[in-house]
1. For segment 168-207, how big is Rg over Rh, using alpha carbon atoms and the Kirkwood form of Rh?
2. Taking 8 Å as the Cα distance limit and 6 or more residues as the minimum spacing, I'd like the relative contact order of segment 111-182 as a percentage.
3. If you compute Rg/Rh (Cα atoms, Kirkwood Rh) for the structure shown, which of [x] 1.69; [y] 1.09; [z] 0.94 do you land on?
4. Have a look at the DSSP beta bridges in segment 85-207 and tell me what percent are antiparallel, nearest 5.
5. Can you tell me the relative contact order of the chain? Whole percent, Cα pairs under 8 Å, sequence separation 6 or more.
6. Put +1 on the Cβ of each Lys and Arg and -1 on the Cβ of each Asp and Glu in the chain; which of Phe111, Ser80, Ala41 then has its Cα farthest toward the positive end of the dipole?
7. Pick from Gln171, Gln190, Gln37: which residue has the top mean-square fluctuation in a GNM of the chain where Cα pairs under 10 Å get a spring?
8. Highest GNM mean-square fluctuation, the chain, Cα pairs closer than 10 Å: which of Leu132, Leu170, Leu32?
Amino acid sequence: MGSFTRLTAVAAPLPRPNIDTDVIIRIEKVLLPRHQQGRWAFAAWRYRADGSPEPDFVLNQPRYAGAQILVAGPNFGCGSSREAAVWALMAAGIRCVVAPGFGPIFQANCFQNGMLPVVLEAPLAEDLARQLETAASPALTVDLEACELTAPDGRRHPFRIEAMRREALLQGLDPIALALRRGAAIDAFQSRDRGLRPWVYLPEVRA
């Protein structure tokens, strides 16, 4: 999993509420290889019936070309618990989503795949979206080390991330890798626990 430390990038405003995972990636596309799913992120909005790009959709507009950050509306990523929603966004180049709130499973899947979900209060997220529509440069800086977001107008806004989630993203560790870093403590606990509760453990099988 790639690390996330500090990102300055084009940010696209998508302030619609309740964007669900079926909008992010349709169910019939989730079995595609991950690197192919980016083309199908928001496909119902990105393409017309004949397959041509929909020019009014924000990610098709030249101003937001190469966007790596989305500023979304409340409850982003609600709906079914498909991890492919995160894979599709990442394959489309998105590394961070800023919103007033997220679907809980989508938010957890972000952390497990190296994407940063930043929660900001709704008025601030709405103001950021407006700035991205009018600023000379529609870019944001998201600094995970400082837990701070810098808006186009230069103002800095703090955000909160759970300490363990932050550590994992900064170091590029998925949950298994994060647990293995504590291998010695886990082994010590199991050794003590085995003596206290031997019935919990299966007998060791010797070759």
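Since every read-out is calculated from the coordinates, none of them should be taken as a lab result. Model, not experiment: these values are computed from the prediction. Here Cβ is always computed from backbone atoms with ideal geometry, including for glycine, and neighbour counts include all displayed protein chains.
1. With Rg and the Kirkwood Rh in hand, the quotient comes to 1.16.
2. On the way: 64 pairs, mean separation 21.9, N = 72.
About 30 percent, as a whole number.
3. Entry [y].
4. Numbers: 6 of 10 bridges.
Percent antiparallel among DSSP bridges in segment 85-207 is about 60.
5. Working: 382 pairs, mean separation 51.4, N = 207.
Computed over the chain, the figure is 25 percent.
6. The Cα lying farthest towards the positive end belongs to Phe111.
7. Gln190
8. Among Leu132, Leu170, Leu32, the largest mean-square fluctuation in the Gaussian network model of the chain belongs to Leu32.
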